[in-house]
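K.L.:
Sharing a structure here in structure tokens format.
The numbers here are math on the coordinates, done by the rules we state, and not lab data. These figures come from a predicted structure and were not determined experimentally. So basically every Cβ, Gly included, is an ideal-geometry build from the backbone, and we count neighbours across all protein chains shown.
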Amino acid sequence: MIGIIGAMEDEVETLKADMEIEEVITKASMTFCKGRLEGQEVVIVRSGIGKVNAGICAQILVDCFHVDRLINTGIAGSLDVRIDIGDIVISTDALHHDMDATEFGDPRGQVPRMDVLSFPADMELVQKAVQANETANPDIHTFTGRVASGDQFVASAEVKQQIVEDFHPLCVEMEGAGIAQAAYLNKISYVIIRAISDKADNSAVMDYPAFEKKAISHSVRLVKELMKLL
Ligand code: ADE
């Protein structure tokens, strides 16, 4: 069983419209739609925004729906000059850029008493997502690399620069590491698929809704194509 998590309604509504829904269950104020998408057994859910919502959502998918693979789809801010609005980032690993227990000697970003700084994605899912994107969005550039997550929308050059210096990620968003950590603790696989909606500084704020819409359509197309390869 595959769990597909999007933070916002726009991100999941198109996928839900294309699935055959068998069951709808509400838990923790989240609506879990179970059924089939492109022949795969899936549960699609909107987690809400932020890492806490994402972690809660992922754990419900594990406990109540017995998912063994988690896919997080949505949008992100680019942290790399090569990566433009509309491009796709597929995670190799994810971490919390806002976790800071450096006072106690832990590396910045590392959850104290956990044995890893970042949570590795499943390389088979990564490769299949790359392959799916070649069919779904042949003209769109795809990058694989680290995703940084935090409970803040990054819209300042200084904050962006600090995250880049500390962690060298490709993009920043607000849920991925919560889902990655849940996958790590439950020993299941995950991948984060993000389309770039902005540059994580104040350069494109006025066009954000238009870019967001375009970016969402890219990640949705990719996820549907990915279902055919799993
Ligand atoms: N999601 C999309 N763009 C983002 C940004 N700049 N910061 C955090 N989350 C985002």
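K.L.:
Round to the nearest 0.05 the FRET efficiency obtained for Ala101 and Thr31 when R0 = 22 Å and r is the Cβ-Cβ distance. Mind showing how you got there, number by number?
P.N.:
Working: r = 35 Å, r/R0 = 1.58.
Working from the Cβ atoms, E equals 0.05.
K.L.:
Still on this structure, please answer the following. Pick from Met114, Met123, Met174: which is most flexible by mean-square fluctuation in a GNM of the chain where alpha carbon atoms under 10 Å apart are linked?
P.N.:
Result for the chain, Cα springs under 10 Å: Met114 fluctuates most.
K.L.:
Full-extension gain between Met1 and Ser156, please, as 0.36 nm times their residue separation minus the C-alpha to C-alpha distance.
P.N.:
51.9 nm is the gain from fully extending Met1 to Ser156.
K.L.:
What does the extension gain come out to for Val116 and Gln131, with contour length at 0.36 nm per residue minus their alpha carbon separation? Spell out each step's value before the answer.
P.N.:
Numbers: separation 15, 0.36 × 15 = 5.40 nm, distance 2.83 nm.
Once the chain is fully extended between Val116 and Gln131, it gains 2.6 nm.
K.L.:
Which of the three applies to segment 99-230, rounded, prolate or oblate, going by the alpha-carbon gyration tensor with a ≥ b ≥ c and a/c under 1.5 meaning rounded?
P.N.:
On the way: a/c = 2.47, a/b = 1.20, b/c = 2.05.
It is oblate, given that a/c is not under 1.5 and a/b is not larger than b/c.
K.L.:
Span-like helices, the chain: DSSP H, alpha-carbon axial extent 18 Å or more, mean Kyte-Doolittle -1.0 or greater, which ones? Could the numbers behind the result be given before it?
P.N.:
On the way: long enough: 51-65 (20 Å, 1.19); 123-136 (19 Å, -0.19); 208-227 (29 Å, -0.11).
Those that pass (Cα extent of 18 Å or more, hydropathy at least -1.0) are 51-65, 123-136, 208-227.
K.L.:
Build a GNM of the chain with springs between Cα atoms under 10 Å: which of Arg146, Arg194, Arg36 gets the top mean-square fluctuation?
P.N.:
Highest fluctuation of the listed residues: Arg36.
K.L.:
Would you pull out the residues with amide H under 5 Å of Cys171's amide H, same chain only if 5 or more places away, H placed 1.01 Å from N?
P.N.:
Under 5 Å from the amide H of Cys171 lie the amide H atoms of Leu79, Ala148, each far enough along the sequence or on another chain.
K.L.:
Among Ser156, Ser47, Ser219, which one shows the biggest mean-square fluctuation in a GNM of the chain, springs joining Cα atoms closer than 10 Å?
P.N.:
Maximum among the listed residues: Ser156.
K.L.:
Considering Cα pairs under 8 angstrom that are at least six residues apart, work out the relative contact order of the chain and quote it in whole percent.
P.N.:
28 percent
K.L.:
Report, by chain and number, residues whose modeled amide H sits under 5 Å from the one on Val67, excluding near sequence neighbours (fewer than 5 apart, same chain).
P.N.:
The answer is Val62.
K.L.:
Shape of segment 2-229 from its Cα gyration tensor (a ≥ b ≥ c, root eigenvalues): rounded if a/c is under 1.5, otherwise prolate when a/b > b/c, or oblate? Don't skip to the end; give the middle numbers.
P.N.:
Numbers: a/c = 1.63, a/b = 1.19, b/c = 1.37.
In terms of gyration-tensor shape, oblate.
K.L.:
Please list 182-188, 73-79 highest first by mean number of surrounding beta-carbon atoms within 10 Å per residue. Walk me through the numbers on the way to the answer.
P.N.:
Working: 182-188: 18.3, 73-79: 26.6.
Top of the packing list down: 73-79, 182-188.
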